[in-house]
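I have placed the structure first, in the form of structure tokens, so that the comments after it can refer back to it.
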Amino acid sequence: MADMTHSRLNPSQTGEAQLPERDVRKSTVTYLMWGVVALILMWAWEGAEMRPMALITDAANMREYAAGFFPPDFHFWDLFLEEMLVTIQIAIWGTVLAVILGIPFGILSSENVAPLWVYWPIRRLMDATRAINELVFAMLFVVAVGLGPFAGVMALFIHTTGVLAKLFSEAVEAIDPRPVEGIRATGATRIQEVIFGIIPQVMPLWISYSLYRFESNVRSATVVGLVGAGGIGVLLWEYIRGFYYGETAAVMIVIIVTVSLLDILSQRLRKMFV
Amino acid sequence: MSEHAIAVDHLSKSFGRNTKALDDVSITVDSGEMVALIGASGSGKSTLIRHIAGLVASDRETCCKVQVFGETVQSGGRISGDARQLRSRIGVIFQQFNLVNRLGLLTNVVIGVLGRIPTWRGTLGLFTKSEKRLAMEALARVGMDQYAGQRASTLSGGQQQRAAIARALVQQAEVLLADEPIASLDPESARRVMDALAEINREDGITVVVSLHQVAYAKKYCPRTIALRDGKVVFDGPSERLNTEFLRELYGADSEELIMDETMSKPGYQPDSEPKVSPEPTIRIPAHTPAIPAKQTVPAYAAE
């Protein structure tokens, strides 16, 4: 042993520095894993009926279809803007309600705050709300509360609560426990420990996550409209179904511009808090 | 009612099967004393302090018991139901300051009243003017009032530690447990923190138990020292008796770590690193330095 250490310290004695030996078992596993990845890709190719050639053989059809979108028809621009605003309003309330509920659910699904018998069931409940897409919730709420923006708000609210609770609890689990202990040592209650010890630590992250979810809720709010849950999505769906491609293109441009502007704005805001 | 400020009875704490962090520790501290708790890293100082504060439960042996002012903090491995009430009478100062970085200093300090005010008001963060004034006075006492508006994260370690002492003052703690309060500080900050602790012990009669790494500080500030080794109390008596030979006897090779002179405790110094290989290890031992420098006022012995 002593000799080996010695020679390693003095490479000049053995001539050249030795490369670490290749671990045969390790590299076999690596090759096997690549093989499995290739198999999965081939398997999924079949199922998804991938036909890239169709893009070329049907190119003429597509060109004709795409030509229908030009020029975009902004004739009813005031209606588009009005509905776009409704969409943003849906996103605002969907996010605000989700933040309000996400905070308690997020804290209660954190391992370092709640005991197992609390955080486990709450996590599963939050999983369930995340597993189902907003669009599905929107269809359910359209039946429950009727056509219109409120169904959209409810759909976004339920789904986003699940997402935010998870993100919030991840932030809570990453906190520094020492300040919390410092507050506990003053004789504070559990809730006071959370308010003075945990929330100040996670606040910047929570704000950033909430703003990010607001951005994506604006995008989602355009989609929930497709099933009648209010906003510009309703308009979009009507135009596509009615073959009004000029108007469809105009609505899509309105959506793209609005979403981009909000992304930029919320990114600015997030930078202020982090 | 017992007249002891702190009474620890046959306290044991095991981590895993074979490691005993505390092994049948029994100590009493009288009201108004300033006691040093010394020992090498891993000797159980922090564990003992966290047990006295009721932050950790001991082993489930019926004889394990911790009382503060005659009231039970924990016994038989169960933290007492009204430990929260009792905790508000026990101030704890931690090595890493344990302030909330993103809160202002004043808020960090006024939090000390949480244990005394109605829960709903504390929970909503509605502190009265007089409570805030109390916090400002406490900050002024530790010389930190000019930083009241700053976030805790913007302050140096020594400043944060003094703010933590202010929080304990606002708490109106009757016992102050300081867990390695100066271990991560430079010598000058360490001196100011120890001065602040000695002052509140002397002027307010608050009982102080301070765990220390370096015997020099124990001798300078605390009339009485309790020494721990491997979770056992190996010495409990006047700090003057802790000379180099005696520490060697108590700790053997570990004594190096404790005898470290003030000048050796640079910020980069790591207590857990391997024993230093030094050509002349005796150099860092202040063999015949007087225990108490002349200009330092030392709190009087509590009457026994």
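For this structure, a couple of remarks:
- Scanning segment A:185-208 for residues that are facing chain B (nearest Cβ under 8 Å), assigned to a helix (DSSP H, G or I) and crowded, with 23+ Cβ neighbours inside 10 Å yields A:PHE196, A:GLY197.
- Here B:LEU176 fulfils each of the conditions (1) within 10 Å of chain A (Cβ to nearest Cβ); (2) within 29 Å of B:TYR217 (Cα to Cα); (3) in contact with a Gly (Cβ under 7 Å, 6 or more places away or on another chain); (4) of a type in the set (A, V, I, L, M, F, W, C) apart from (1).
- Residue selected from segment B:120-132 under the condition more than 12 Å from every other protein chain (Cβ to nearest Cβ) and within 20 Å of B:ARG89 (Cα to Cα), by the criterion surrounded by the fewest Cβ atoms within 10 Å (Cβ to Cβ): B:SER130
- Any hit, segment A:247-256, residues being among the hydroxyl-bearing types (Ser, Thr, Tyr), more than 14 Å from every other protein chain (Cβ to nearest Cβ) and either outside any helix (DSSP H, G or I) or over 22 Å from the mean Cα position of the chain (by Cα) (or both): yes
- Residue in segment A:95-105 that is over 29 Å from A:LEU261 (Cα atoms) and under 28 Å from the mean Cα position of the chain (by Cα) present: yes
- Enumeration of residues in segment A:222-257 that are closer than 30 Å to A:PRO204 by Cα, at pLDDT 90 or above and in contact with a Leu (Cβ under 9 Å, 6 or more places away or on another chain): A:ILE255
- Check on A:ALA114, in contact with a helix residue (DSSP H, G or I) (Cβ under 8 Å, 6 or more places away or on another chain), small (Gly, Ala, Ser) and not in a helix (DSSP H, G or I): yes
- Segment A:167-184 - residue that is surrounded by fewer than 20 Cβ atoms within 10 Å (Cβ to Cβ) and at the interface with chain B (Cβ under 7 Å from one of its Cβ atoms) and, of those, farthest from B:GLN161 (Cα to Cα): A:GLU181
- Residues (within 18 Å of B:SER88 (Cα to Cα) and over 13 Å from the mean Cα position of the chain (by Cα)) located in segment B:174-197: B:GLU174
- Any hit, segment B:133-149, residues being within 13 Å of chain A (Cβ to nearest Cβ) and either under 17 Å from A:ARG184 (Cβ atoms) or aromatic (Phe, Trp, Tyr) (or both): no
- Residues (assigned to a helix (DSSP H, G or I) and either of a type in the set (Lys, Arg) or surrounded by fewer than 18 Cβ atoms within 10 Å (Cβ to Cβ) (or both)) located in segment B:137-156: B:GLU137, B:ALA140, B:ARG141, B:ASP145, B:GLN146, B:SER153, B:THR154
- Here is the figure for segment B:175-190: residues that are over 23 Å from B:SER31 (Cβ atoms) and either in contact (Cβ under 8 Å) with a residue 40 or more places away in the chain or part of a loop (DSSP other than H, G, I, E, B) (or both) total 8.
- Close pairs from segment B:159-173: first within 11 Å of chain A (Cβ to nearest Cβ), partner charged (D, E, K, R) and not in a helix (DSSP H, G or I), Cβ under 9 Å, at least 6 apart: B:GLN171/B:ARG89; B:GLN171/B:ARG116; B:GLN172/B:ARG89; B:GLN172/B:ARG116; B:ALA173/B:ARG89
- Among the residues making up segment B:15-31, those that are buried (at least 16 other Cβ atoms within 10 Å of the Cβ) and either in contact with a Leu (Cβ under 7 Å, 6 or more places away or on another chain) or hydrophobic (A, V, I, L, M, F, W, C) (or both) are B:ALA21, B:LEU22, B:VAL25, B:ILE27, B:VAL29.
- If you go through segment B:1-12 and keep only what is surrounded by fewer than 23 Cβ atoms within 10 Å (Cβ to Cβ) and either in contact with a helix residue (DSSP H, G or I) (Cβ under 7 Å, 6 or more places away or on another chain) or not charged (D, E, K, R) (or both), you end up with B:MET1, B:SER2, B:HIS4, B:ALA7, B:HIS10, B:SER12.
- Segment B:32-52, subset in a strand (DSSP E or B) and in contact with a helix residue (DSSP H, G or I) (Cβ under 7 Å, 6 or more places away or on another chain), residue surrounded by the most Cβ atoms within 10 Å (Cβ to Cβ): B:ILE38
- Scanning segment B:62-119 for residues that are part of a strand (DSSP E or B), within 14 Å of chain A (Cβ to nearest Cβ), crowded, with 20+ Cβ neighbours inside 10 Å and not aliphatic (A, V, I, L, M) turns up just one, B:GLY91.
The values are calculated or read from the model by the stated rules, or taken from the named source; none is laboratory data. Keep in mind that this is a model prediction, so the values were computed, not measured. Glycine also receives a Cβ, built like all others from the backbone with ideal geometry; neighbour counts cover every protein chain displayed.
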